[in-house]
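Inspection log for the structure reproduced underneath, given as structure tokens.
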Amino acid sequence: MSRKIWIVAQREYLAVVKRWGFIVTVVMIPLAIALPSVIIGFISAHQSAKDEQKTVVLGVVDQARVTGDDPTQDLPQKGQSGPPGEVPVLYGSLRLQLELARWVNRQGISFRFYEPDAFETAQMDMKVGRVRGFYVIPEEYLKTGKVIYYGRADNVFRDRLRSGDSLLGTVLVDSLLHNKVSPMIVQRVKSPLMVEELTVGESGQIAKNNLFVTVGRNLLPLGFGMLLMVSLFMASGYLLHGVAVEKGNRIMELLLSSVTPVELMGGKLIGLGAAGLTQVTIWLLFALGPVLFVLPALEFRPLQFVLSLLYFLLGYLLFGSLILGLGSLGETQHEAQQLAGIITFTAALPLVFSGLILTNPDSTLSRLLGFIPFTAPSVMIIRIGLRSAGWIDTVGSLAVLALSVYLCVSLAAKLFRIGVLLYGKRPTIPEIWRWVWA
Amino acid sequence: MPPVISLKSIYKSFDQKAAVVDASFDVDEGEVFGVLGPNGAGKTTLIRMLIDIIKPDSGRILFYGHALETGDKDTIGYLPEERGLYKKQKVHEVLTYFARLKGMDGPAARAGVTHYLDLLEMADVRNKRVEDLSKGMQQKIQLIAAIIAGPRIVILDEPFSGLDPVNLRLVRDFIWALKKSGKTVLLSTHMMVQVEAICDRLFMIYDGRCVLYGPVAEIKRQFSDNAILMRAAVDYARIPMIGRFTTNGDATKVYLKSGFVPLDLLQWLTEQKVEISYFEQAYASLEDIFVNIVKGKTREP
């Protein structure tokens, strides 16, 4: 590669990273992201701590008499505390187990049981705020399963959200099965599945699935994919800014008397891509804590790393050259950004499909996207990470991508050669078309 | 030895409008060659093709007899019409960058920057940002950028445009110094007076086409009337070899009849013992020649 490309790259890189704007962005953006999160986190933690202190009391009018012969007979007296540190349990049934009591405590919900004919009392209690709302278990409940909830018109959603329904369900299961089946069966009805996940490795070894391993396996491909996106967006800003400045300073002609448009474009791509990567790396350092946390679980596969890097570089060259080529046609940075916007939009497109690719990396759509040059880099990085890309897919996709990079760089160089010398006039689409085919 | 630059039947059009048509000329080693023409005549297009910024549609451009190669750009110093520098950067950074782009290594480039800044007594602006310099200072920096790498050929596009008299002289002296040091200089300008003063040969372009090409002195002679500008104590109507004469101020322009040369007039005046205080062959200025050509009123030589 020409020595001049490296001279241009070096200058472009230093011109960006030595700017105050760069230093401010590098430090300020993580702070700008972290600070509101910390503040919001602090406020919500404070709020939920306050909420936990408040217990929501819901009434139950058990007209079907399913929660016990006399649901209130075992009711602890008002004000009487439950186990240490727990809220008073006000429901009448003693059939709830400790586990449920803990759950009640965590949810901050407790029940007040009424006599089957005490509908009006419950209604009055709700009016004066003694209960937030109340359930009525009608007489035909066993036949229909239907339970009615009465809540204040302004607050129904919030009460229900606090899981009163499922808590009452557990109470009902306990009550209905009490003394009819063994406590073990009661336990299984309440909690029928406790799934343990095991994985079978390539050589048949069975291992316990670990959340960190799963995250780690997906983290590298996703990380590379995200790195491509973020670096591209960073670098595209610098690319457009750099061209706009050089056009504004009328310096292009002097540069082109020493270097070819391809050398100038190549130098810019390398230098500003490196500046974008520097920025992302510094941001990653800010997130070093969480990264170190999952690092031991990361599964490092050299081939995956090399292929991901290859896709990353080809992807960057593909998008970067087009951004530069189209951006050079604009008179100002704003105009350049508008022109290059279509490319950055295309680059972000795979993000829309990322969920689909992660869950279905072998689907026809995932494979197809791997062969489309604009989606191939991020899609294939994810597929390779998930070990779903076969050799045919990988080699074929790389070949398509490499050819596209060659075509795009040539095309962009043509646009760039003409675009950078255009002062004070915007080319029309037919003009651009003619230049491309000239 | 082949010419330094040789253009052969160059044609270039933009959007089906011809910008340069059938341009051919040679630039010889060590001469100052002027590409002359009004604004929009095609001078900058021609120069951009010379240094391979844009490609001609047809025709050939040769450097020392061969097509421009990658390394050839390093032997060409260039001062574009659209002049610019990185405004936010320091003077020495900008100059070092341009020197390195012309193939110099880092230490040589830095030494060159120091040398030229000292030579132009500008060592104190070394660490200043370009935007903090006066226009004249920036002009000097641009000139340094064009020659810092020691080019064999220096191409200057409209080097006099927008200059005050002080900087105009600076640039003229600069071109003289280049010529003296043996460099080949190609300059384009619409300022005909400057070409008359500096250039050895010229290529005059109008509407993309060549209208004049050759040594400046010869062209002027070729396109001049057979006239003398003189001041003498004599009745001009009595002089036999004069066809007509016009007096403008204290000098009189006399037009010789066909078949007479200035020496004939001078000999006659000497024989008649006429007192002469001023006698000069009246050449047409390039501007007159150009205007006449454009208006289609050129006299046959």
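Highest-first packing order for the peptide set B:11-21, B:222-232 is B:222-232, B:11-21, based on the mean count of other beta carbon atoms within 10 Å. When the P(r) of chain B is calculated, the portion above 29 Å amounts to 47% of the C-alpha pairs. In this label model, B:V291 and A:F286 are separated by 6.8 nm, measuring between points 7 Å along each Cα→Cβ vector. Taking beta carbons within 10 Å but only from partner chains, what does the mean come to for residues B:38-49? What the average comes to for B:38-49 is 1. Taking packing as the residue-averaged number of other Cβ atoms within 10 angstrom, the listed peptides B:185-191, A:22-28 run from highest to lowest as B:185-191, A:22-28. Based on Cα contacts under 8 Å between residues 6+ apart, the range B:225-282 shows a relative contact order of 51 percent. Taking amide H as placed 1.01 Å from N in the peptide plane, the amide H of B:Y206 sits under 5 Å from that of B:V211, each at least 5 places away or on another chain.
Look at the stretch A:244-255: the mean tally of other chain Cβ atoms within 10 Å of its residues' Cβ atoms is 6. Which residues make up the longest stretch of chain B that has no GluC sites (Glu not before Pro) in a DSSP loop with at most 13 other Cβ atoms within 10 Å? Here the longest segment lacking exposed loop sites spans B:122-274.
Over all Cα atoms in the range A:210-437, the spread is summed up by Rg and Dmax: 18.8, 61 Å. Exceedance of the 22 Å cut-off in Cα-Cα distance is limited, within the set B:K55/B:K295; B:K43/B:K90; B:K88/B:K135, to B:K55/B:K295; B:K43/B:K90.
Partners of B:K102 within straight-line reach, counting lysines whose Cα lies under 18 Å from its Cα and excluding those fewer than 8 residues away in the same chain: A:K4, A:K268, B:K73, B:K183.
In this structure the amide hydrogen of B:S188, modeled in the peptide plane, comes within under 5 Å of the amide hydrogens of B:V35, B:L156, B:D157, B:E158, none closer than 5 places in sequence on its chain. Geometric descriptor of the range B:110-167, per residue, is 96 Å³ (volume of the convex hull of the Cα atoms). In the protein assembly as shown, with Lys and Arg counted as +1 and Asp and Glu as -1 at Cβ, which of these residues, A:A32, A:T67, A:I384, has the Cα nearest the positive end of the dipole, that is, farthest along it? Of A:A32, A:T67, A:I384, it is A:A32. Computed from backbone phi, the HN-Hα couplings of the range B:14-28 come to 10, 6, 6, 9, 5, 9, 9, 10, 6, 8, 9, 7, 10, 10, 8 Hz, rounded to whole numbers (Karplus: 6.51 cos²θ - 1.76 cosθ + 1.60, θ = phi - 60°; Gly and Pro given as x).
Here the Karplus curve 6.51 cos²θ - 1.76 cosθ + 1.60, taken at θ = phi - 60°, turns the phi angles of the range B:74-91 into couplings of 5, 8, 10, x, 9, 10, x, 5, 7, 8, x, 9, 6, 5, 7, 9, 6, 3 Hz, with x standing for Gly and Pro. With a 10 Å cut-off around each Cβ of B:63-75, the average count of Cβ atoms from other chains is 1.
Any read-out appearing in this document is the output of simple, stated calculations on the displayed coordinates, not a laboratory observation. These figures come from a predicted structure and were not determined experimentally. Backbone-built Cβ (ideal geometry, glycine too); neighbour counts: all protein chains shown.
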